[in-house]
Amino acid sequence: MQIRPVSTPADDNALWSILEPMIRDGSTYLLSPDLDRKGALAYWLRPEHEVFVIVADGEVVGTYYLRANAQGGGSHVANCGFVVHPAATGRGLARQMGNHALARARERGFKALQYNFVVATNVAAIALWRSLGMETVGRLPRAFLHPTAGYVDGLIMYRTL
């Protein structure tokens, strides 16, 4: 498997094939399930996002972005977003991207990593992030309207680098 930066507009189709199922599912990101391709790509490929894809057997199967979580006095803390194509889950891709993101954040001089909103029902992601050293430092009660579970908590997760 290879992790590489998004390099050409040709990656847009692969990104959309990964992002669309996550968006339509509506259970993990603070994005409207009605978001269209143009809006999704504009969100994921924002200029401040350094975007990577993970390639397995010649196919793009996951993506993540890395950015500063805030400006000014908070710009030393990184933030990321991760998505794996539903057909590729369970293969350790998110862990590989997580490790890559930690290393890349250190390379860029970030001092910490913060996830601003991890949906509390996303137990696989929470377990992964904890195994990579993230701690839950805050809880936003009933802050996310999950499509099947109703109102659930959002977690703020953090680790120093």
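The values are calculated or read from the model by the stated rules, or taken from the named source; none is laboratory data. Here the structure is a predicted model, which means the values were calculated and not measured. Neighbour counts run over all protein chains shown; Cβ positions are idealised from the backbone, glycine included.
A Cβ distance below 7 Å, combined with a sequence gap of six or more or placement on separate chains, defines the contacts here; from segment 88-108, residues that are basic (K, R) reach residues that are part of a helix (DSSP H, G or I) in the pairs R95/L128. What's the number of the only condition in (1) within 19 Å of A103 (Cβ to Cβ); (2) modelled with pLDDT under 95 that L66 fails to meet? If we test L66 against (1) within 19 Å of A103 (Cβ to Cβ); (2) modelled with pLDDT under 95, just (2) comes out false. The residue pairs whose first member lies in segment 65-84 and is closer than 18 Å to E107 by Cα, whose second member is modelled with pLDDT of 95 or more and of a type in the set (D, E, K, R), and whose beta carbons are closer than 6 Å, counting only pairs six or more residues apart or on different chains, are L66/E50; L66/R104; R67/E48; H76/K111; N79/R67. Hey, among H49, H100, which residue is closer than 14 Å to I3 by Cβ, out of contact with any Cys (no Cβ under 6 Å at 6 or more places or on another chain) and surrounded by fewer than 20 Cβ atoms within 10 Å (Cβ to Cβ)? Exactly one of H49, H100 is closer than 14 Å to I3 by Cβ, out of contact with any Cys (no Cβ under 6 Å at 6 or more places or on another chain) and surrounded by fewer than 20 Cβ atoms within 10 Å (Cβ to Cβ), namely H100. Kindly provide the set of residues from segment 46-92 that are under 25 Å from T160 (Cβ atoms), among the polar types (S, T, N, Q), within 15 Å of the chain's Cα centre (by Cα) and part of a loop (DSSP other than H, G, I, E, B), ordered by number. Selection gives N69 alone. For first residues located in segment 41-54 and closer than 9 Å to Y65 by Cβ and in contact (Cβ under 8 Å) with a residue 24 or more places away in the chain, partners that are assigned to a strand (DSSP E or B) and of a type in the set (S, T, N, Q) and lie 6+ apart or on another chain with Cβ distances below 7 Å form the pairs V51/T63; F52/T63. Being farther than 24 Å from R91 by Cβ, surrounded by 14 or more Cβ atoms within 10 Å (Cβ to Cβ), among the hydroxyl-bearing types (S, T, Y) and at pLDDT 95 or above is a property that Y29 lacks.
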